[in-house]
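Input: a single structure, listed below in structure tokens.
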Amino acid sequence: MKALSFIAGRALQGLIVMIGVSLIVFFALFLTGDPAAVMMPPEASRAEIEAFRHAMGYDDPILVQYLRFAGGVLSGDFGRSLRFQRPAVDLLFERLPATALLAITALLWSSLLGFVLGTVAAVRQNGAVDFVIRVISLLGQAIPVFWLALLLIIVFSLNLRWLPSGGIGTAQQLILPSLALGAYYFSAITRLVRASLIEVLGENYIRTARAKGISNFRIVVHHALRNALIPVLTVQGMYFASLLGGALITEIIFAWPGIGRLAVDSIQTKDFPVVQAVVLFAAFTFVVTNFLVDVAYVFLNPRIRL
Amino acid sequence: MSEPIIRVENLEVSFFGQGTSQRVVHGVSFDIAPRETLALVGESGSGKSVTALAMMRLLPRETARITGRVSLAGRDLLAMSEAAMRGVRGNEIAMIFQEPMSSLNPALTVGDQISEVLVQHRAMSFREARAETLRLLDKARIAAAARRFREYPHQLSGGMRQRVMIAIALACRPKLLIADEPTTALDVTIQAQILALIEALREEEDLAVLFITHDMGVVAEIADRTAVMANGRVVEAGETAALFRAPREPYTRALLAAVPRLGSMRGTRLPARFPLVDPRTGKTDGTGEPVASPPAAETPLLRVRDLSARFDMASGFFGRVTGRVHAAENVSFDLFAGETLALVGESGCGKSTTGRAIMRLTEAASGKVELEGRDVLALKRAELRFLRERVQMIFQDPFASLDPRMRIGAAIAEPMLVHGLASREDARKKVAELLPRVGLDPAMAARYPHEFSGGQRQRICIARALALAPKLIVADEAVSALDVSIKAQVINLMLDLQQDFGLAFLFISHDMAVVERIAHRVAVMYLGEIVEIGPRAAIFENPQHPCTRRLLAAVPIPDPARKGLRRVIDETEVKNPIRPVDHVPPLRQWRTVSPGHEVQVFGKEWHDRPGAA
């Protein structure tokens, strides 16, 4: 019962966040001044701007405009792209598979490796292996992604000629962008797993397990990791959500046709409906992922369950 | 004597790191016969827990070096491979710990944690282990075993968790149980239950027990033989009865002298100092003379009437209040200048909340608190100075209640400066006066808290409380965390200060033996209400309410002669004071036993319980 009401509470919170985001996205359109004047080409005449304003409904009362916008969003209509003259949501969904592929690949390798190396480092705390892993993970977080991406291209594409430097379609083309994108998350997860596990290994119940004669392997896997996982999971959910919203720099450097590039292009061409669609979608994935993490919490942490 | 189960010879433990090494256990030797209980007793830092952990080889290998010999059935545990040692732990030697709250894995079920040992050491399948686990839960006197099997530690009370730990320990029928302060974190009534359980299981299971404790009362209750440890050495060992009757070493004499003994104040009316023994010379200081009686006064310094404090319990997304913790309920008492009123009860009974509500650290829901005739609860924020200048507080944990980055002189001066009662120069002078009053050197004012021991820090906290020359000090478990000898010294200090400054104390404590020493009057609390109040002698010698009797009956007496007298143990757990939102507290009737001694009229629910007899 307690678990159900916990989950219902989180779902309600997510709904409120989405309403808030939709308000911000909607009103951001007016922050730059008169949207009609901003969207039309500079050489447009006054009459043309007025006609556009009327066609877009920007002369209606603001509340009416918001309700129209929100109603559209709910029925999957984010307006039409000004640049492509197509529904913005179609553009978004065209780009989504590319972004999802990149995000999932990056998160998968970084999580797996991060878990293993973080666990090894924690178990061998202050040893040589731990030192090496700590240096690697520190570098991974300190190096900016654009620099790493360029370095990867120079080494693997230009010098060694092993892998393509951009584009999408083959497995080889996926390797470099997912490496560049995942490096930061790999480091973050390694460090987090290590810190979290070291803390848990110092708990009294680990001493109890040792006093029971349980093997070290089982202590780490059965007793410690389960408890150490809880904070890691939260962070991972947020990483995944932010990745799904589009990896701007990586997508641009590797000419990856994902949502991140769509967002940047649309901002540059003042294609507001597309920008709104991208932002709303990013917020939505964030809310949904966090909600799923909360649900996973209930299963990992019996103190919430009851 | 038969062949011992375990023999420890010349055990030495050193910790090293950063190029230094420190020996903490020096050549400790003892042995334990089958079905015997040996108590290892000592104050904090004496090396008793390290000795136990070294026997189990549970100290971190990177930083601890262990030498000597620990023989179990002809094998030297210290020479074994780690894998062979794993076969000993939890199998031939089992261990339970002080913190039942944190010693169980929060993410695994109780059943899982018990059956794991059986799977590990007895190669049982999980199905077989389940049946055996249910039997073990029964053995540890845990009711509704099948339901408990699926529960998680957070769903159990502290006493229940310790029973689960005991079930884990017993799983493989070990020869030796090492119990490291297993009852220290528990309420005294629950402590009595756990001690009785260990005692019963020792006979049923043919166990030998190594019982580590700082509590002489527990030692007298449970141990056949006792080894006293200090500074990493065994200073004296022997039959418990002989050791209590005729301690040879000055240290043992000092330790025993400092132990508050329930009943030692029988026939007296006033508080009395502890007659302390110097642990080096063995000389007695003072005779434990009673203090002078407080000056008679017409009007009380503090008058509390129908004080209630509640905490809302919210649940669901909108934080709807679904229940309230009735932490304090219609609490009424008077406190006169120069007098000590003790508020006693089990954890969760509302004694601390009452103290905090009087201090306005917790806002009261209703009631009246008058200090020198002025209503404290009606004071506005700006007027709180009236209260702070007259009432000060000392807390349980002297480590947490001093800012580690503030010199202690500054910490003591701070209240004076905050209230604008002294210039910096005057405050400095006042600090120099206060430090000798609490037994510290004025030159210590420039030091930081980490340079002091726990007892010294509590003295600093007392000096800080005295800085504003208060009329009343609320001491919330102020001596509970201190070692027994230090505790006695701090209590003597509090009694001296009361005499010199005419201080009133509201002494909040769960420790009945200490309360017997220090209090003029006692109020017993249960589930947020005072159930009995009166002069100390009346409460201790003629307790009326079943709750008071139960508290007194559960206190371990440091007298091995009473060991055979099995007390009736009340097996009930303390209920919780959570009530529905629309709960209306019942009107209570009171009965006067003797002048000043009043007891709440209690209902039938108390009569059919074992503690009520």
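Only the coordinates and a few stated rules stand behind these numbers; no lab work does. These figures come from a predicted structure and were not determined experimentally. Ideal geometry is used to build each Cβ from the backbone, glycine not excepted, and the neighbour counts take in all protein chains shown.
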### Summary
Using alpha carbon centers only, segment B:215-244 is separated from segment B:396-419 by a whole-angstrom value of 38
### Query
Which FRET efficiency value, to the nearest 0.05, do you get for residue B:122 and residue B:575 by plugging their Cβ-Cβ distance into 1/(1 + (r/R0)^6) with R0 = 22 Å?
0.05
#### Entry: Most fluctuating residue given options A:120, A:293, A:64, as computed from a GNM of chain A linking Cα atoms under 10 Å
A:64
### C-alpha long axis of helix B:454-466 to longest principal axis of chain B, angle in °
10
### Summary
Result: in chain B the number of Lys pairs with C-alpha under 19 Å apart, spaced 8 or more or on different chains, is 8
### Query
Within the protein assembly as shown, what percent of beta bridges assigned by DSSP are antiparallel, to the nearest 5?
60
#### Entry: Cβ-based net charge around residue B:304, under 9 Å, with every Lys or Arg adding one and every Asp or Glu removing one
0
#### Entry: segment A:243-288-segment B:483-552 distance, computed between alpha-carbon centres (Å)
69
### Task
First obtain the Kirkwood hydrodynamic radius of segment A:93-267 from its Cα pairs, then insert it into the Stokes-Einstein equation at 4 °C and 1.567 mPa s, and state the resulting D in µm² per second as a whole number.
74
## Note on the structure
Taking chymotrypsin sites (Phe, Trp or Tyr not before Pro) as exposed when in a DSSP loop with at most 15 other Cβ atoms inside 10 Å, chain B has its longest clean stretch at B:1-316
## Note on the structure
Averaged over the residues of B:93-105, the number of partner chain Cβ atoms within 10 Å of each residue's own Cβ comes to 4
### Query
Could you work out the helix-only [θ] at 222 nm for chain A, with each DSSP H run of four or more residues adding -39,500 (n - 2.57) and the total divided by the number of residues, to the nearest 500 deg cm²/dmol?
-24500 deg cm²/dmol
### Task
Would you work out if segment B:331-426 is rounded, prolate or oblate? Take a ≥ b ≥ c from the square roots of the eigenvalues of the alpha-carbon gyration tensor; rounded if a/c is under 1.5, else prolate when a/b is larger than b/c, oblate otherwise.
oblate
### Rounded to 10°, Cα long-axis angle of helix B:408-418 versus longest principal axis of chain B
30
### Query
Just A:253, A:133, A:19 to compare: in a GNM of chain A, with alpha carbon springs under 10 Å, which one fluctuates most?
A:19
### Query
Simple spin-label model, 7 Å along Cα-to-Cβ: residue B:444 to residue A:43 in nm?
8.8
### Task
Calculate the mean, over all residues of peptide B:168-175, of how many other protein chain Cβ atoms lie within 10 angstrom of the residue's Cβ.
1
### Around residue A:271: net Lys/Arg minus Asp/Glu count, Cβ-Cβ under 14 Å
+4
### Query
Once both axes come from the Cα atoms, what is the angle between helix B:188-205 and the longest principal axis of chain B, in degrees from 0 to 90, rounded to 10?
10
#### Entry: chain B - share of DSSP beta bridges that are antiparallel (%, nearest 5)
60
## Note on the structure
Hits for chain A under the membrane-span-like helix rule (DSSP H, Cα axial span at least 20 Å, Kyte-Doolittle mean at least 1.0) are A:2-31, A:88-123, A:128-142, A:171-201, A:225-244, A:272-300
### Message
Can you show me the helix-derived [θ] at 222 nm for chain B, built from DSSP H runs with n ≥ 4 at -39,500 (n - 2.57) apiece and divided by the number of residues, rounded to the nearest 500.
### Response
-9500 deg cm²/dmol
### Message
Shape verdict for chain A, please, from the Cα gyration tensor: rounded (a/c under 1.5), prolate (a/b greater than b/c) or oblate.
### Response
oblate
### Query
How much net charge surrounds residue A:119 when only the other residues with a Cβ under 15 Å from the Cβ of residue A:119 are counted, with Lys and Arg +1 and Asp and Glu -1?
+4
### Query
Looking at the square roots a ≥ b ≥ c of the eigenvalues of the Cα gyration tensor of segment B:137-208, which shape do they give, rounded for a/c under 1.5, prolate if a/b is larger than b/c, or oblate?
oblate
## Note on the structure
chain A, Gaussian network, Cα under 10 Å: of A:182, A:258, A:57, the residue fluctuating most is A:57
#### Entry: Residues of segment A:173-202 with amide N under 18 Å of the 7 Å Cα→Cβ point at residue A:131
none
### Number of partner chain Cβ atoms within 10 Å, mean per residue of A:214-227
3
#### Entry: Cα-projected label distance for residue B:386 with residue B:131, points at 7 Å along beta-carbon direction, nm
7.4
